[in-house]
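Take a look at the structure below.
The values are calculated or read from the model by the stated rules, or taken from the named source; none is laboratory data. All values reported here derive from a predicted model rather than from experimental measurement. No Cβ is skipped: glycine too gets one built from the backbone with ideal geometry, and neighbour counts run over all protein chains shown.
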Amino acid sequence: DAGVIQSPRHEVTEMGQEVTLRCKPISGHNSLFWYRQTMMRGLELLIYFNNNVPIDDSGMPEDRFSAKMPNASFSTLKIQPSEPRDSAVYFCASSPGTGNYGYTFGSGTRLTVV
Amino acid sequence: KNEVEQSPQNLTAQEGEFITINCSYSVGISALHWLQQHPGGGIVSLFMLSSGKKKHGRLIATINIQEKHSSLHITASHPRDSAVYICAVRLGYADKLIFGTGTRLQVFP
């Protein structure tokens, strides 16, 4: 298995532009998580899905952020419009399901908004 | 006060030394995870614990549920162990992780 695949690895965009981050979870994993990592706040959960359904989006910072999971093998995190304070590394992770399972993280997308 | 506290924040060691990183938490949990992140790199899951002790190679993780405390030990440390080690807890009632701020470990030859 190729693991959790995120794209792009790096994204540099201008303030105000729309940014879309993509994630392909491990096949057969039913739970998918989006995390953001910054120097100031460390790792924070933004949203997670179970069986393609958003379960907890309380970590999404504001309405500029949205996430979708149209099917079991693909999820997107969109920021529109982007702002410099959105600059961070965004990680996607998947796990076999709810309960005490291990997590597999993607390599992350480093977003820089200038 | 953070729900997950790690200590120390930074740690330096000479190759071969025994390393201990501590994690304390204040919430009810169903499991605790230790993660490793190399500079500029992705995050790798090392252990998931709900009780007792686990060992993988030179790494040992323990948890004391009553004391709400976990430790990660590295025996015979090596420069390639240099990384940030992150403790994360899965809440007992929710399927999400809360993270500690990490311990930055540097092992010198």
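Each row is one residue, and each column tells you yes or no for (1) away from chain B (no Cβ under 14 Å); (2) of a type outside the set (Val, Ile, Thr); (3) part of a strand (DSSP E or B); (4) touching a Pro at 6+ places or on another chain (Cβ under 7 Å).
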| site | (1), (2), (3), (4) |
| --- | --- |
| A:91 | no, yes, yes, no |
| A:94 | no, yes, yes, yes |
| A:102 | no, yes, no, no |
| A:111 | yes, yes, yes, no |
| query | Can residue A:19 be described as surrounded by 15 or more Cβ atoms within 10 Å (Cβ to Cβ), modelled with pLDDT of 95 or more and farther than 29 Å from residue B:5 by Cβ? | reply | yes
| message | Please pick out the residue among A:35, A:48 that is in contact with a Pro (Cβ under 8 Å, 6 or more places away or on another chain), assigned to a strand (DSSP E or B), within 12 Å of chain B (Cβ to nearest Cβ) and hydroxyl-bearing (Ser, Thr, Tyr). | response | A:48
| request: Just need a number here: residues in the stretch B:50-86 that are among the hydroxyl-bearing types (Ser, Thr, Tyr), in a strand (DSSP E or B), more than 13 Å from chain A (Cβ to nearest Cβ) and in contact (Cβ under 8 Å) with a residue 24 or more places away in the chain. | output: 2
| remark: In the stretch A:51-75, residues that are touching a residue at least 24 places away in the same chain (Cβ under 8 Å) and within 10 Å of chain B (Cβ to nearest Cβ) total 0
| query | In this structure, does residue B:89 turn out to be farther than 26 Å from residue A:34 by Cβ, aliphatic (A, V, I, L, M) and part of a strand (DSSP E or B)? | reply | no
| Among (1) buried (at least 18 other Cβ atoms within 10 Å of the Cβ); (2) in a strand (DSSP E or B); (3) more than 11 Å from chain B (Cβ to nearest Cβ), the one test that residue A:78 misses | (1)
